[in-house]
Every structure is written in structure tokens, then in C-alpha cells.
1. Between B:T224, B:T107, B:T184, which gets the highest mean-square fluctuation from a Gaussian network model of chain B, Cα cutoff 10 Å?
2. Across every pair of different alpha-carbon atoms, what Kirkwood hydrodynamic radius in Å does segment B:7-246 reach?
3. Starting from 0.36 nm per residue, how many nanometres of slack lie between A:D243 and A:H200 once their C-alpha separation is accounted for?
4. Specify the angular offset, from 0 to 90 degrees and rounded to the nearest 10, of the alpha carbon long axis of helix A:175-190 from the longest principal axis of the alpha carbons in chain A.
5. Simple spin-label model, 7 Å along Cα-to-Cβ: B:K165 to A:K264 in nm?
6. Tell me the Kirkwood radius of the protein assembly as shown: reciprocal of the mean inverse pair distance over distinct alpha-carbon atoms, in Å.
7. Between A:D103, A:D93, A:D180, where does the largest GNM mean-square fluctuation fall for chain A, given springs only between Cα atoms within less than 10 Å?
8. Suppose R0 equals 45 Å; then what is the FRET efficiency for B:V47 and A:D33 from their Cβ-Cβ distance, rounded to the nearest 0.05?
Amino acid sequence: MTVALDKAGGETMLEAHGVSKMYGQVRAVNEIDLRLGPGVTGLLGPNGSGKSTLLKLFAGQLLPDTGHVRLLGADPFHEPRVLRGLGLCPEQDKFYEDMSGHDFVRALTRLHGLPKSEAEQKTYAAMKRVGMERFGFKKMKEMSRGMRQRTKIAQAIAHDPPVVLLDEPLTGADPVARADLIALIRSLGEEGRCVVVSSHVLHEVEAMTHDVVFIRYGRLRAHGDILRLRTKLADRPYRILLDVDEPRRVAARLMALPFVQAAKVLDDEPSPLEVTTTDLDTAGREIPRVVAELGGVVRGFTSPDADLESLYRYLISRR
Amino acid sequence: MTSESPPAARLDVPPGYLPRAVAFWTGFHFKRNLRKRSFKLWAALFVVLLLLMRYAANVGPDAMGRMIVLGAVPLLALFFGAGSLREEIEDQTLTYAFTRPVGRIWTYVARVLANGLPVALLAVPAGLFIGFGIGEATAMRYGFAALLGAVAYGSFFALVGQIVKWPAWFGLAWLIFWEGGVGTVPGFFGRLTLMSHVRGVAGLPVESSEAPWSGLWEAPSLFTAALALSAVTAGALWIGAIRARKREFVVTR
């Protein structure tokens, strides 16, 4: 199953058309069609689902077996000039360890052919932007994992690219750094860049963007706005946990409603009634009204299935 | 990094970016190579060995010239050249260079040059220094042979490093059996080795201690030998660069 929602308007900055990639006998990416424009897109999927391979294809590191990849309208594998517009933060925690973070970023910025002074200026700006202006002169091998991640992001954005690919960018970052980097990634998207963030930490992706791509077994399972995806998946059952008095009586009344599929009384739970529905919006309107008719009140109404985590679990569990 | 500039404006490539980027990347890795412990060790070993041979063992300049040009140059070129791309693959840092607009061909060329320069830095002054013990012309030939040998062997072993899984072992076997063995054979087969052309540039013919048929061995002319070494350098660089452009380098999966 693939659920796709087109983004309204916007230029296409990254495109995959019918792209497949095999590693020996393993099909890492399978017939993916994807177009991404400005803004942040979360690339989600379990380990081994093909996220990093897709990013490598977009970055021109790999050549698709079938289909084609376009970065800013050009083939990134065969037309390296277009890589001027790409910033890549790779997944591996690897650097020229004997260098300072500042020198590392400056060297890679100079590899864009920039004069020394301009590269220096851009490096300083990028290091400042990732919060590394004070620690940039430490050697890479002496840096914490969080600092290394920040430095890796700095080298990806220093040359001001319109497309930024971030493969697990928050790995190893402490909570404060995570919050900072999430804000940074959001701001990169707001500047009109096409930012693709691969991650399996779902709440962090949710904090960055509502535009997500789900991949499983190398296949595109869903793409679009989280909220619209949820609506699109009309057949998907949602659980609602209700904190009400007399849960058995309420359950019997709710079972008569057309949008309620099941109602289960849970013993020893803070929310003693679990209702299953496929229409979360109607349930949200009608259930409090029905409980009120019975003379009760809904003290708690939560849906453990309405967040990104559950949507992710639901999508990846379906074949 | 200017966060205000629109995306389209950021795609302009600065004029003259390619030579600037290649020169920078060559210098960058050359300096990194010089800072490496392995280079310092090789350099120290090389100098100590030369001093011991010259002043402790009283080895003559001709034999020392042979040792430098025919022995040290190929060995050092194997050590540095074979790692040109391989060490970046093993260190998983290749991704950074290969996702830049300079392109894989020129990144590869810069990397090979950066690994060939330390060999030249050690061998050329040593060749010149030893050669001056014989005469100015010999010194120039030793220096020239060390330089051309360093780049030819370096380019060749860089290509080998791309293709073969254990380039150091392959290279050693190549040097001993092909270069050292076939290189002393008179005629066509001998000319197929780099060693015979390095001999031609340096003016160091096969001696009777190296092969019983040394009397039959004829050195190629300086011009022919220099041309052959330059052609091998260009050919190996070209094949290696094309391979680097066409090949996928999966540093992580």
C-alpha cells in the first residue's frame, strides 16, 4: 500500500522516478517515485528499510539500477556540478580526526572552489549557526558525539546549499543540542531549502515537520502531511481511552453508535474504557455528548493511535 | 553561509573553481600525509638508512643511487600510492569529497598527486644529493628518475589500490617478480616494466650481480624512458579516474 499526497505548489528540487537499487540479492530501494520541494521532509522507516540508500541515491553516491534520480533537475551521479547545490550530513560518525572542527568544515567548503577568505567566512557562520563557535577549534577526536554531529551539519550547510540531506542528524546529541538542532532544521526549511531528514526518532521528526515519507522494505509506503495521511487512512482503527464513571454502562451505549467498532472495559486502568473507531473526528464530537446524556462526564479522552509513532507502526506493519 | 539568499542564487559556481579546488585538495592531503606518523617513520628510516650506508658501510654513490631510485621509489610509491582512495574508503571519509561539485575524476587525481608528492619529497632530494657525489649530470638524472618513478609507480599503485583487495601484497609481489625479475630481461618483455624505464632515465643499467644476462640488456634512451613513464602515469591516472567516476563507492550500507 502506498498513500501519497501531493504537496500543494512548490518547485521540485529532488525527484526519484521508478528508482530501484539492489545490493547483491537485496533490494534496498524498490520502485520509488518521489518528488520533494522546499521545506522539511521527514524520511521515516525502520533500520534497513532503505532510507540511507535513498539519500545516497539523491546525493549521487549511488547509481539507481532502474529509474532516475534528479537533484535540482540534474543527475547527481553523472553531473557533479549540481552537487554545488547539495549539503549532505552522512550517517557515519567519521571525520579527519586529527583536524579541528573549524578546519574540517573550512576544508570541505574550500572543495567547492571558494577562495580561502570566503570559505573562512562561511565556515565561521555555519559553525556559529550550529552552536559550535566556541568549540570549533577542538580537534575532532576530542569532541563529544553531539559536537561531532553539529560539526557534520555545519559542513553540510556552510556553502549555503538549496538542498540539504541529513541522515540521522540528531544521533548522539544531548537534549539541549537536539532542541537546538530541531530549531535549526526547521529554520533551514523555512528559508526555502529542500531539507530531507532521515530518522527513526519519530517525535523529533514530528517536531521538525508534518511532511513525512514512510519507507518499509525499500518501498514507499506513504508520503504527505501527517494529519492528511491520517484522514486518508480511513479504514484505520483508532483506539480511544476514556476516563469515565460507569464504564460498562457507557460502553453499552457507545456500541450502538455507527462509528464505534468496539468498546472494551479495562480493569485497573486510569482510563477504564477503550473504544475503537475508524472516525476519530466524529468520535471526538459525539462521545462526550453521549456520555453527558447518560449524566456523566468525560474526564480523559486520549488516542494512543493518533500520534506519529502509532501511524508509523500502523503503516510499517501493513504489507 | 547566508540564510537570506534565495536557493537559485546559491547554485552559481565561482569562476576558476575547478583548478582552485583541485590544488587545494592536493595540498590539503599532502599536508595531512606529512603529518602522519607513518610518513615520519618512513622518512626517518629512509634518512637513517642512507646515512648508515654512506658513512658506516661506505657504500658508493652508484650503489646508493640504485638503492634510492630502483628500490626506495617503488616501495614508497606502493606504500603511499595504493592507499590513495582506499584509506578514505576504509576511514569512511570518501563521502565528503565525492559529494562536492569538483567531481570524482579530479578528486581522484588530487588524491593521487597528494600521495605521490611525499615519495618525491623523500626520493628526489636524496637522489640529487647522492648523484652529486658522481657528477652534476648524474645528480640531475637520479633526481629526474626519482620524480618520474614516484609519479608513475604512484599512479599505477593507486589504480591497483582501487582494483585489488590487498594492494600491498599484490604490489610487493609485482615489484619482486615482475619489476625485479622481468625488468632485467633484455628486449621487449623487459621494456614492459616500469623499472627498465626508470633505469633508462637514471642511467642505471642492469648489473652482472642482478642478472647473468646483464651484458645483453640495453637501457632505453632517456627520452624514450621519460616518455614511457609519463605515458604510464597519464594512462594509470586516466583509467583510475574513469573508474572512480563510474564506480559506486559504498562506504556504509
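Since every read-out is calculated from the coordinates, none of them should be taken as a lab result. Note that this is a predicted model, so its numbers are computed, not measured. Glycine gets a Cβ as well: all are built from the backbone with ideal geometry, and neighbour counts include every protein chain shown.
1. Looking only at B:T224, B:T107, B:T184, the biggest GNM fluctuation is shown by B:T224.
2. Numbers: mean 1/r = 0.0536 Å⁻¹.
One over the average 1/r among Cα pairs gives 18.7 Å for segment B:7-246.
3. The A:D243-A:H200 span can extend by a further 12.3 nm.
4. The angle comes out near 80 degrees.
5. With each label point 7 Å from Cα toward Cβ, the separation is 5.2 nm.
6. Mean inverse Cα-Cα distance, inverted, gives 27.5 Å.
7. Ranking A:D103, A:D93, A:D180 by mean-square fluctuation puts A:D93 first.
8. 0.15
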